[in-house]
Structures are given as structure tokens and as C-alpha cells.
Amino acid sequence: MRELEAVEEEKFKLSPPRSRRNPRAVRRKGERKPPTIVDEFLDESSAVHDMFFPELNMAVDPINSGNDSMYLYYPGRVWLDTDGKPTQAHGGGVLYDKKTKTYFWYGENKDGKTYKAHSKGADRVDIVGVSCYSSKDLWTWKNEGVVLRGEEKNVTHDLHKSNVLERPKVIYNDRTGKYVMWMHIDDANYTKASVGVAVSDSPTGPFTYLYSKRPHDCESRDMAIFKDDDGKAYLIYSSEDNSELHIGSLTDDYLDVTDDMRRFLIAQHREAPALFKHEGTYYMVTSGCTGWAPNTALAHAATSVMGPWETLGNPCVGGNEVFRSTTFFSQSTFVLPVPGLPGSFIFMADRWNPSDLRDSRYVWLPLTIGVPDEAADYSFMFPLWSRVSIYWHKRWRLPDGWRDS
Ligand code: GAL
């Protein structure tokens, strides 16, 4: 993992902005502001867009890859499953199932047409459902199918295809022996702002959808679930118009929230939370709130999961300034501990493609927790937080033998 902390730079040249305005309009209204790199990234007709969404022939392919490219992660490339089909697991998370010694990757299946429900609405895809992929090595993924399906006919159902199902996460309940899925449930205008719960006896489903609610009677949009070492689990969600985050414990069966809730990062407008733990300290990566457009990530830390939470700063290292200020053109979704390598994690993020959401890409990168930077952070009053760093790599792989360590 230490080798993966080498800083990798990225250079790119931008073509001069294309002006579609005629000279008379320019004289009248002045020069139009040139598009930012994020505008270009989002514009499917731009060369910048193509650079960040390389074509299918560049895909990571676990079947046809020779030994040289085995286990290599290429952030942003299409990632094929063992059937040779692009993986559909956006806004996802990974569960390690001890019983089968297998990783399960759950995420939004967005394999449908991108459209707007109305002219001011967000780009969307109808609900297909939650996909599940299984793997022993975190690189070769077998499609286990859609384990929670969207509803075709019943328009009053939460999962009716015209609604929104985002950021599904699954945890295992050791007491009940059930796999419990939590997800963001919404209508096309994001006014329902609720969480949904589904349950299954098997990690590969089918999951039975139970219900949706507003936790603690509060709006809930981007969300995550975190299971602590002591078996207690928590729901973390963006609330109050996404202006703050809430955290609350789940009931013992993981099927509901308890009344115990704390508000944090108030007025900070953070979303896409991804929580993890190392040596008794809790960490979280969040994004800002700019829809499908990338923005700057922040890392936060707390000595108790219910807070108080403190903000550490932008964890992104390498690439270049634009890469670091856009989370490498992606948005956090999950942080997965690498077994056998304490302090090492895989940062999982989505590179959304709002012009064709099904073609959104995955950005997986090494995340490490380093020793505190004494010179910069030393204080008598506050804990000395370790630095959370996410390292950019064009391509990388986990250290050999991590599975046996
Ligand atoms: C983002 C959010 C995504 C999705 C999107 C819709 O802010 O993180 O999960 O809801 O907005 O525009």
C-alpha cells in the first residue's frame, strides 16, 4: 500500500473554448464566460468528456485480460462483468459475507434511457432495481442479477419505475441472520425524501421490500448505512434541504431507526456520505451538493460515531488541482476496508454521466489513514486527527497476496 501513496500527476491541455455567439451578440452582451472544465466534462460533445469516459474498447475485462492486466483498476473505464457486460452498480456499496467468504457489490442498475421528467427536472433513469455482483478478489465480478426489482405497473408503489431508488447499501444482521438493504426512496422531483428498507435471507436476494419512511420525521436524501464492530448499525443521511447530516442508530434487527439522532455538519451542505473506522476513530468522506456535477470532497472524523464530527479537509492527493477539487471527477459512495491491511481502504466513487446515466463510471482508488501531521495540526485541546488521503492513480492494483494476509 505504501507504494500506492506515490503521488501521480496528470496533465491535460484544454482546447480553446468554442464560442457559438455571433460578434454582434458579443458586442451587446459582452464575452460569454468560457466554459469551466466541469462544464466541458459534462458536455457530451466535448473532447474533455471523451477523455473522462473512455470508449468500450478500453474496458476493464476480467475475461480477456492477459496476466499483465489482471487485477488492475482503471478509474473511469467501463468495467465488464464475467459475462462481458458493463457492470451496473452505481451509488453502490460492498458487503463482505463471512459465510460464503465472498464480496457482494450492490448498486443502482441504471440501464435505461436518460431523460428529464420535466424541463427543470434532474436527468434521470427509470428505476430498474438494485444489481448485485459477487467476487472473491474485488476485481472479477459475476452478475447475480437484479436482487430488488423496480415495479412496472403499480404507480402507488415506492419502487414504481417513475420514482427514484438511489444509493442502496446492504448489511448482515448476525442476530436475525438476515441481509438488510437500506436505500434512498424518492419521487422524480425529490420531494418524498425518504429511506426504504428491504430484507433477504440470502446476499443474492431476492430482497423483499418492506416500507419507506422519513427517519425521525426528517427529510432523507443521500444516505449510507454503517455497521460497527459491536454489531450496532447506523443510518447517516442528508436532511433539511441537504443543508446538514443526521446520524441515528438502527434497531437491533436493522429494520428501523431508533429515536436517537444527532445533527452534524449543520449548514455545511454535504451529501454522498461514506463512513469507515480505523483504530477506534470514525471517518467519513462526503461531497458537496451539485447534483450530478463533481465537486470537492471533504474528510471528517469523530471519536464517537454519533459525533461530534470535525472536518479534516480535502482528502484527494495527486492528479492535478482540477482533479483534486472535483474528487477526480467523481462523487463518494462507499469506503471498503482492505482485509489484512489495517489502515488501507478502497475509496469507491461514481463518475456520473448525466447525458447517459447508464454509462456512469466507477472511480476506485486507494485510501489510507496516515500519521497525523504534527506541525500543521498540533493542538492541546483537540484530538490529533490522522490524515485521510485518497491517491490518484491512472491504474493501480492491490498489493499481491492481500487476500491471504
Ligand atoms: C446527487 C446525489 C445523487 C443523485 C443526484 C441527482 O447530488 O448525490 O445520488 O441524487 O444528485 O441529481
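The values are calculated or read from the model by the stated rules, or taken from the named source; none is laboratory data. The shown structure was predicted, so the numbers you read here are calculated from the model rather than taken from an experiment. Quick reminder, even Gly has a Cβ in these numbers, built from the backbone with ideal geometry, and neighbours come from all protein chains shown.
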Top-ranked residue of the range 363-391 - restricted to ones that are modelled with pLDDT of 80 or more and β-branched (Val, Ile, Thr), ranked as nearest to residue 55 (Cα to Cα): 363
If you check 126, 111, 97, which single one turns out to be more than 15 Å from the ligand (Cβ to nearest atom) and more than 24 Å from residue 345 (Cα to Cα)? 111
Cross-chain or 6+ apart pairs with Cβ under 7 Å, the range 118-129 first and farther than 18 Å from residue 191 by Cβ, then among the polar types (S, T, N, Q) and within 13 Å of the ligand (Cβ to nearest atom): 125/114
Given the structure, is residue 235 in contact (Cβ under 8 Å) with a residue 40 or more places away in the chain, closer than 21 Å to residue 196 by Cα, among the aliphatic types (A, V, I, L, M) and outside any loop (DSSP other than H, G, I, E, B)? yes
Name every residue in the range 168-194 that is touching a Gly at 6+ places or on another chain (Cβ under 7 Å), part of a loop (DSSP other than H, G, I, E, B) and within 16 Å of the ligand (Cβ to nearest atom), in order of residue number. 188, 189
Please specify each residue of the range 286-314 satisfying the condition of being surrounded by 17 or more Cβ atoms within 10 Å (Cβ to Cβ), under 17 Å from residue 246 (Cβ atoms) and touching a residue at least 40 places away in the same chain (Cβ under 8 Å). 286, 287, 289, 305, 309
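Tell me, which residue of the range 335-349 that is closer than 20 Å to residue 72 by Cβ and part of a strand (DSSP E or B) is nearest to the ligand (Cβ to nearest atom)?
Of everything passing the filter in the range 335-349, 349 is nearest to the ligand (Cβ to nearest atom).
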Are any residues in the range 249-307 farther than 19 Å from residue 336 by Cα, aliphatic (A, V, I, L, M), in a strand (DSSP E or B) and out of contact with any Phe, Trp or Tyr (no Cβ under 8 Å at 6 or more places or on another chain), and if so, which ones? 257, 261
The lone exception for residue 165 - which of (1) more than 16 Å from the ligand (Cβ to nearest atom); (2) over 24 Å from residue 265 (Cβ atoms); (3) assigned to a strand (DSSP E or B) it fails: (1)
Per the filter on the range 62-106, residues under 20 Å from residue 173 (Cβ atoms), hydroxyl-bearing (Ser, Thr, Tyr) and more than 16 Å from the chain's Cα centre (by Cα) are 96, 100, 102, 103
Given (1) polar (S, T, N, Q); (2) over 26 Å from residue 108 (Cβ atoms); (3) modelled with pLDDT of 95 or more, identify the lone condition not met by residue 360. (2)
Residue 147 passes all but one of the listed conditions (1) farther than 27 Å from residue 338 by Cβ; (2) touching a Gly at 6+ places or on another chain (Cβ under 8 Å); (3) of a type in the set (A, V, I, L, M, F, W, C); (4) away from the ligand (no atom under 16 Å from the Cβ); the exception is number (1)
Is there any pair linking a residue in the range 266-279 that is over 16 Å from residue 91 (Cβ atoms) to one that is aromatic (Phe, Trp, Tyr), with Cβ under 9 Å and at least six apart or on different chains, and which? 276/226; 276/282; 276/283; 276/334; 276/345; 277/226; 277/283; 278/345
Can you tell which of 140, 87, 176 is in contact (Cβ under 8 Å) with a residue 12 or more places away in the chain, polar (S, T, N, Q) and within 23 Å of residue 354 (Cα to Cα)? 87
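Listed here are the residues, each with its yes/no results for (1) surrounded by fewer than 15 Cβ atoms within 10 Å (Cβ to Cβ); (2) within 16 Å of the ligand (Cβ to nearest atom); (3) closer than 28 Å to residue 281 by Cα; (4) over 22 Å from the mean Cα position of the chain (by Cα).
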{"site": "196", "(1), (2), (3), (4)": "no, yes, no, no"}
{"site": "207", "(1), (2), (3), (4)": "no, no, no, no"}
{"site": "234", "(1), (2), (3), (4)": "no, no, yes, no"}
{"site": "264", "(1), (2), (3), (4)": "no, no, yes, no"}
Only unsatisfied item for residue 245, checking (1) over 21 Å from the mean Cα position of the chain (by Cα); (2) farther than 21 Å from residue 146 by Cα, is (1)
The range 277-330: number of residues that are under 23 Å from residue 38 (Cβ atoms) and among the small types (Gly, Ala, Ser): 11
Name the residues in the range 274-293 that are near the ligand (Cβ under 10 Å from one of its atoms) and not hydroxyl-bearing (Ser, Thr, Tyr), would you? 288, 289, 291, 292, 293
Would you pick out the residues in the range 72-102 that are surrounded by fewer than 17 Cβ atoms within 10 Å (Cβ to Cβ) and part of a loop (DSSP other than H, G, I, E, B)? 72, 82, 83, 84, 85, 98, 99, 100, 101
If you check residue 190 against the conditions, is it surrounded by fewer than 21 Cβ atoms within 10 Å (Cβ to Cβ), touching a residue at least 24 places away in the same chain (Cβ under 8 Å) and among the hydroxyl-bearing types (Ser, Thr, Tyr)? yes
